[in-house]
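J.: What follows is a single structure, and I will ask about it in a moment.
The values are calculated or read from the model by the stated rules, or taken from the named source; none is laboratory data. Just so it is clear, the structure is predicted and the values come from calculations on it, not from any experiment. With ideal geometry, Cβ positions are generated from the backbone for all residues, glycine too; neighbour counts draw on all protein chains shown. For accessibility, only protein heavy atoms count, side chains too; no ligands or nucleic acids. Shrake-Rupley method; radii C 1.70, N 1.55, O 1.52, S 1.80 Å.
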Amino acid sequence: RAASPPRPRARLQIGTDTHIGRLKARSGQTNQDAVWHATRGGLSLLVVADGISVSTAGSGDVASNLLINTIARRWDERADRLVDASDDTLEAFLVDSLVLANDAICATSLRIVGGPLPNHMPMGTTAILAMARGGKVLLAALGDSRAYVVGAAGAASVLGDQNLRGAWQASWLRGAPIAFDGGGHALVGYVGRFNAEDQPDALPPALRRLTLLPGESLVLC
């Protein structure tokens, strides 16, 4: 994969689908997924977000849509300059976009609360972003929304989950395992984060660069 030749003329075929799932549909929950993609020249940006279900300051569907709208506006402002930009510049765009989305979600949470934040659970969302050009893909993720590469040999996850189980697994790989009580789905990475002083405080996303081979698919979910 690392030695595969550049394919500057490679193009993605993009498709999307979303469904809340049967159990949540029966319980009357809203669909908190949000998806958006755009292409300019040979450069494509794809975004998938999944709102966090439990909050008292806003809601997961509001958070995921705020993230999408923030990134879409920033893309519209900068896309022409990004088409021929370096990979480092594209990666910086992804990271900075997540910071701005974190600020937007936190600001909306504060407006909704209109009072002391510690009495509430602010809204938030996962996010996974992919910037694709030719056969190259740059990924940035917060939370447990996943990216898979699917090919003839099967499917492979290319980013770990940013939840308690993922943090525990990463600690074992580092040789310094942390305590784990089995509550593995609680997120340690997400967009909409405040610090201890109730100020917006974006987390650094997980980053990955990879090359897609001919015939492979990239699945963001």
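J.: Any idea which of L117, G134, N65 is furthest toward the positive side of the dipole for region 53-135, if Lys and Arg beta-carbons carry +1 and Asp and Glu beta-carbons -1?
T.: Working it through, the farthest residue towards the positive pole turns out to be L117.
J.: How compact is the chain by the rule of thumb for globular proteins, expressed as Cα Rg over 2.2 N^0.38 Å?
T.: On the way: Rg = 18.0 Å, N = 221, 2.2 N^0.38 = 17.1 Å.
So the chain has a normalised radius of gyration of 1.05.
J.: Let me ask you something else. Using a Förster distance of 30 angstrom, determine the FRET efficiency expected from the C-beta separation of N119 and A179, and round it to 0.05. Let's see the in-between values first.
T.: On the way: r = 29 Å, r/R0 = 0.97.
The pair N119/A179 has a calculated efficiency of 0.55.
J.: With every protein chain kept in the model, how would you rank D17, D201 by accessible area, 1.4 Å probe, largest at the top? Provide the component values of the computation, followed by the final result.
T.: Working: D17 145, D201 55 Å².
Order by accessible area, largest first: D17, D201.
J.: For Q169, project a label point 7 Å along Cα to C-beta. Then give me every residue of region 142-160 with its amide nitrogen under 16 Å of that point.
T.: Within reach of a label on Q169, which here means backbone N under 16 Å from a point 7 Å along Cα→Cβ, region 142-160 contributes 142-149, 155-160.
J.: Which whole number of Å³ per residue matches the convex hull of the alpha-carbon atoms in region 106-221?
T.: Working: hull volume 15.9 nm³, N = 116.
Dividing the Cα hull volume of region 106-221 by its residues yields 137 Å³.
J.: Could you work out the helix-only [θ] at 222 nm for the chain, with each DSSP H run of four or more residues adding -39,500 (n - 2.57) and the total divided by the number of residues, to the nearest 500 deg cm²/dmol? Intermediate results must be reported in sequence, preceding the final value.
T.: Details: 4 runs with 65 residues, N = 221.
Using -39500 (n - 2.57) per qualifying helix, the result is -10000 deg cm²/dmol.
J.: A follow-up question, please. Please list, in chain and number order, the residues 5+ apart from F194 or on another chain whose amide H is under 5 Å from its amide H, with Hs placed from the backbone.
T.: Hits under the 5 Å cutoff: D201.
J.: Please list the non-local residues whose amide H lies under 5 Å from the amide H of R146, H modeled 1.01 Å from N, same-chain partners needing a gap of 5 or more.
T.: The list, which skips near neighbours in sequence, is C221.
J.: Give me the three principal axis extents of region 1-117 from the C-alpha atoms, as integers in angstrom, largest value leading.
T.: 52, 35, 25
J.: What are the DSSP H helices in the chain that stretch 18 Å or more along their long axis, judged by alpha-carbon atoms, and whose average Kyte-Doolittle hydropathy comes to at least -1.0?
T.: Details: long enough: 60-82 (32 Å, -0.51); 87-113 (39 Å, 0.91).
Qualifying helices: 60-82, 87-113.
J.: Also: Could you work out the relative contact order of the chain? I mean the mean sequence separation of Cα pairs under 8 Å and 6+ apart, divided by the number of residues, in percent. Spell out each step's value before the answer.
T.: Values: 427 pairs, mean separation 49.6, N = 221.
Result for the chain is 22 percent.
J.: Got a number for carbon plus sulfur as a percent of region 114-193's accessible area, 1.4 Å probe?
T.: 59
J.: I'm checking a number: the convex hull volume of the Cα atoms of region 145-207, normalised per residue, in Å³. What is it?
T.: Numbers: hull volume 7.9 nm³, N = 63.
Convex hull of Cα atoms, per residue: 126 Å³.
J.: Let me ask something additional. Find the accessible area per residue for the chain; the probe is 1.4 Å, ligands and nucleic acids are left out, and the unit is Å².
T.: Numbers: 12030 Å² over 221 residues.
For the chain, the per-residue accessible area is 54 Å².
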